[in-house]
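Everything on this sheet refers to the single structure shown next.
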Number of protein chains: 2
Amino acid sequence: MTHWLDEITWNEQGLVAVIAQEIGTNQVLMLAWMNKEALQLTVDKNQAVYWSRSRQKLWFKGEESGNVQKLKDIRLDCDNDVILLTVEQINGIACHTGRHHCFFKQLGTNKWKTVEPVITDPSILYSK
Amino acid sequence: MTHWLDEITWNEQGLVAVIAQEIGTNQVLMLAWMNKEALQLTVDKNQAVYWSRSRQKLWFKGEESGNVQKLKDIRLDCDNDVILLTVEQINGIACHTGRHHCFFKQLGTNKWKTVEPVITDPSILYSK
């Protein structure tokens, strides 16, 4: 039998796109990427571990800020190349800008407008 | 002023990842990709138009099946490289497998299990 990790269609960089959705509110919090190790760690630790493409290393979500994402469910899509995580967002802040989620810019008439408040200033979130 | 389309960080293929979420249920329906033309068309037609990476052409969602996604909201994330669409999913079927959405495989103990029903057989959806 194929290992469950090998049923995923990893892209050329060995990554899969991962959507994190908040349990209860169903708010889409963010999209990030995982490699095989990150996904295995996510399952093992029962909390989200991503692959940081900018830093090219494992990203233990919430390690610094405390804004951990506790794992509730993992889904795979029809093409085996997108994962949907259901998570409990600790502290209610998923975004590095200190907002609840990352999708805070809304398209109005030919412009993007910020429509979500900062809950905690990032300088406080990342000062520890 | 920068054109709103130029504020998006398009990837090396000129694409941006797009999450489609259903209005009302907040169900995440699918993830697809758009190029600049697809996103402009999405706004102009008020319904989702993607870029098919497999077919390398514009994908007018629902053109064949009738399962159109009417546009309700467009959001951009903190890194300007992911879009979240809120849509009304006509016929309640987003997935080409005939299911409500694409995330129908759930991770159990070391295996993926299909947990969502087929609403309409794809042979009927795509027989027109």
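Throughout, read-outs are computed from the coordinates displayed, never taken from laboratory work. Note that this is a predicted model, so its numbers are computed, not measured. Glycine gets a Cβ as well: all are built from the backbone with ideal geometry, and neighbour counts include every protein chain shown.
Among B:LEU29, B:LEU15, B:LEU5, which is over 13 Å from the mean Cα position of the chain (by Cα) and crowded, with 18+ Cβ neighbours inside 10 Å? Before you say what the answer is, go through the steps one by one.
On the way: B:LEU29 fails: over 13 Å from the mean Cα position of the chain (by Cα); B:LEU5 fails: crowded, with 18+ Cβ neighbours inside 10 Å.
Every option except B:LEU15 fails the conditions.
Can you tell which of B:TRP59, B:TRP10 is surrounded by fewer than 22 Cβ atoms within 10 Å (Cβ to Cβ), closer than 18 Å to A:ASN110 by Cα and not β-branched (Val, Ile, Thr)? Outline the logic, then answer.
Values: B:TRP59 fails: closer than 18 Å to A:ASN110 by Cα.
Only one candidate passes the filter, namely B:TRP10.
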Original post:
Quick one: is A:ILE124 over 25 Å from B:TRP112 (Cα atoms), surrounded by fewer than 16 Cβ atoms within 10 Å (Cβ to Cβ) and out of contact with any strand residue (DSSP E or B) (no Cβ under 8 Å at 6 or more places or on another chain)?
Top reply: yes
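Residue by residue, here is whether (1) closer than 23 Å to B:LEU85 by Cα; (2) without any contact (Cβ under 8 Å) to a residue 12 or more places away in the chain holds:
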{"site": "A:VAL87", "(1), (2)": "yes, no"}
{"site": "A:CYS95", "(1), (2)": "yes, no"}
{"site": "A:LYS105", "(1), (2)": "yes, yes"}
{"site": "A:GLY108", "(1), (2)": "yes, yes"}
{"site": "A:PRO117", "(1), (2)": "yes, no"}
{"site": "A:SER123", "(1), (2)": "no, yes"}
{"site": "A:TYR126", "(1), (2)": "no, no"}
Original post:
Taking strands (runs of 3 or more DSSP E) that do not extend beyond segment A:1-106, which have at least 3 residues that are within 11 Å of another protein chain (Cβ to nearest Cβ) and touching a helix residue (DSSP H, G or I) at 6+ places or on another chain (Cβ under 9 Å)?
Top reply: A:16-22, A:69-76
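Looking at the structure I just gave you, is B:GLN21 polar (S, T, N, Q), closer than 22 Å to A:ARG75 by Cβ and surrounded by 13 or more Cβ atoms within 10 Å (Cβ to Cβ)? Don't jump to the end; show me each part of the working.
On the way: polar (S, T, N, Q): yes; closer than 22 Å to A:ARG75 by Cβ: yes; surrounded by 13 or more Cβ atoms within 10 Å (Cβ to Cβ): yes.
In short, yes.
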Subject >> Of the criteria (1) surrounded by 14 or more Cβ atoms within 10 Å (Cβ to Cβ); (2) within 12 Å of A:LEU71 (Cβ to Cβ); (3) charged (D, E, K, R), which one A:LYS36 fails >> reply: (2)
